[in-house]
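I have placed the structure first, in the form of structure tokens, so that the comments after it can refer back to it.
The values are calculated or read from the model by the stated rules, or taken from the named source; none is laboratory data. Please read all numbers here as calculations on a predicted model, not as lab measurements. Using ideal geometry, Cβ is built from the backbone for each residue, glycine included, and neighbour counts are taken over all protein chains shown.
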Amino acid sequence: MKPHDQFAKNYLEQLLSPLGTVEISKEVSDETRQIDVFFSPNPEPNPDYLGLLGRIVLNTVLIEPYRNPPNRSEIRNCLAKLLTILAELQRQAKREIRVTMKTMPLVCGFYPLQLV
């Protein structure tokens, strides 16, 4: 794993753990892929805790930090991870619980802006 990737995952884990459950390198079930950070908030979230990041993580979210702006392939790969998780939730909903749009995870990519 690249140093930036490990740093970003560990940093986000430390920031987000007071707000809920953080899973680092969560495997998804289609082809072997890993979600950098899979976050599920506590039942009583605190959106003011981390500013914008705190508001982003009010719901379940897949976080993919990038060192540089992602290319089209990386964006498609990120969307594929999200769709795999959504399909997994639909299968789970058929077996046990109802999944609503509010409980569906979002996907969020972080990368530095390049000012010209």
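Considering only the range 30-48, I want to know if a residue exists there that is basic (Lys, Arg), in contact with a helix residue (DSSP H, G or I) (Cβ under 6 Å, 6 or more places away or on another chain) and closer than 18 Å to Lys81 by Cβ. Yes, there is a match, as at least one residue in the range 30-48 is basic (Lys, Arg), in contact with a helix residue (DSSP H, G or I) (Cβ under 6 Å, 6 or more places away or on another chain) and closer than 18 Å to Lys81 by Cβ. For the structure I just gave you, tell me whether Tyr49 is of a type in the set (Phe, Trp, Tyr), touching a Leu at 6+ places or on another chain (Cβ under 7 Å) and at pLDDT below 85. Yes, satisfied. How do the pairs read when you match residues in the range 69-83 that are in contact (Cβ under 8 Å) with a residue 40 or more places away in the chain and of a type in the set (D, E, K, R) with residues anywhere that are outside any helix (DSSP H, G or I) and surrounded by 15 or more Cβ atoms within 10 Å (Cβ to Cβ), using Cβ under 8 Å and keeping only pairs 6 or more apart or on different chains? So the pair list comes out as Lys81/Val28; Lys81/Ile35; Lys81/Leu62; Lys81/Glu64; Lys81/Val107.
Could we say that Tyr49 is in contact with a Phe, Trp or Tyr (Cβ under 9 Å, 6 or more places away or on another chain) and among the hydroxyl-bearing types (Ser, Thr, Tyr) here? No: the conditions fail for Tyr49.
Quick grid of which residues meet (1) modelled with pLDDT under 65; (2) assigned to a helix (DSSP H, G or I); (3) of a type outside the set (Asp, Glu); (4) closer than 13 Å to Val61 by Cα:
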| residue | (1), (2), (3), (4) |
| --- | --- |
| Ala80 | no, yes, yes, no |
| Arg91 | no, yes, yes, no |
| Lys102 | yes, yes, yes, yes |
| Val116 | yes, no, yes, no |
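The residue pairs whose first member lies in the range 1-26 and is free of Cβ contacts under 8 Å to residues at least 24 places away in the same chain, whose second member is acidic (Asp, Glu), and whose beta carbons are closer than 6 Å, counting only pairs six or more residues apart or on different chains, are Val22/Glu13; Ile24/Glu13.
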